[in-house]
């Protein structure tokens with residue numbers, strides 16, 4: 001007899017376990033992206049604060065000395081907010097300068113290493129060229145000509161002047177091609193990675209500057225629409241007051257006319 005009840009309970013427990021694991025994984029995924037979303041929201045708030053500060057600074061600059069003789073009241077909350085915005089701007093500028101300085105320093109060190117390797121190779125070439133050369137005397141002159149000496153056990157073909165004509169016997173087994181190792185490959189890749197990161201950071205800074213300018217423009221347009229609406233409301237109230245005054249004057253004139261009759 002099969003134990004169907006036990007099998008059903010075990011299968012149901014397994015399904016419940018799988019469902020709980022999926023729910024836990026979904027919660028972990030949400031928690032994984034939440035810090036990035038929260039950081040982006042905080043950054044947008046900071047950018048908006050910086051944009052508002054720039055708008056106010058431009059308005060004060062445009063006013064000039066118009067309100068120079070007026071008394072200025074600055075609250076502690078405003079002063080604290082001003083200091084926070086200034087600190088954020090200096091922090092962003094410091095990060096950009098630090099990253100640019102790191103890139104410049106790395107590239108400078110890499111250039112110095114390349115110059116050092118180049119100088120060492122030049123010195124080695126000079127030493128080889130300055131070494132004494134072994135040769136045989138040529139009739140009719142004091143100069144010596146280097147004679148090609150075949151390796152031991154090799155038979156080569158020479159011409160009348162003693163020069164090697166067929167050099168195939170001098171070749172060893174293999175392709176006889178010396179592959180030069182690229183010792184600067186790792187340094188080149190590191191330089192490319194650093195340069196790529198610098199470009200990425202710079203593009204991020206430019207993108208954030210454009211975003212701040214866009215927010216600043218939106219706030220400016222919003223303030224402009226608000227002023228226009230206030231001006232329209234003021235004109236409407238003035239026109240309504242003039243209309244009521246005119247109706248009152250007409251009623252008074254009509255009343256005086258009737259009294260004279």
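Since every read-out is calculated from the coordinates, none of them should be taken as a lab result. Values in this document were obtained by computation on a predicted structure and should not be read as measured data. In this analysis, Cβ positions are derived from the backbone assuming ideal geometry, glycine residues included, and neighbour counts consider all displayed protein chains.
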Revision key, fill the gap. Under the 7 Å Cα-to-Cβ spin-label approximation, residue 38 and residue 114 lie apart by a distance in nanometres of 4.6 nm
Point to revise | Sites residue 238 and residue 57 - FRET efficiency at Förster radius 25 Å, r taken between beta-carbons, to 0.05 | key: 0.15
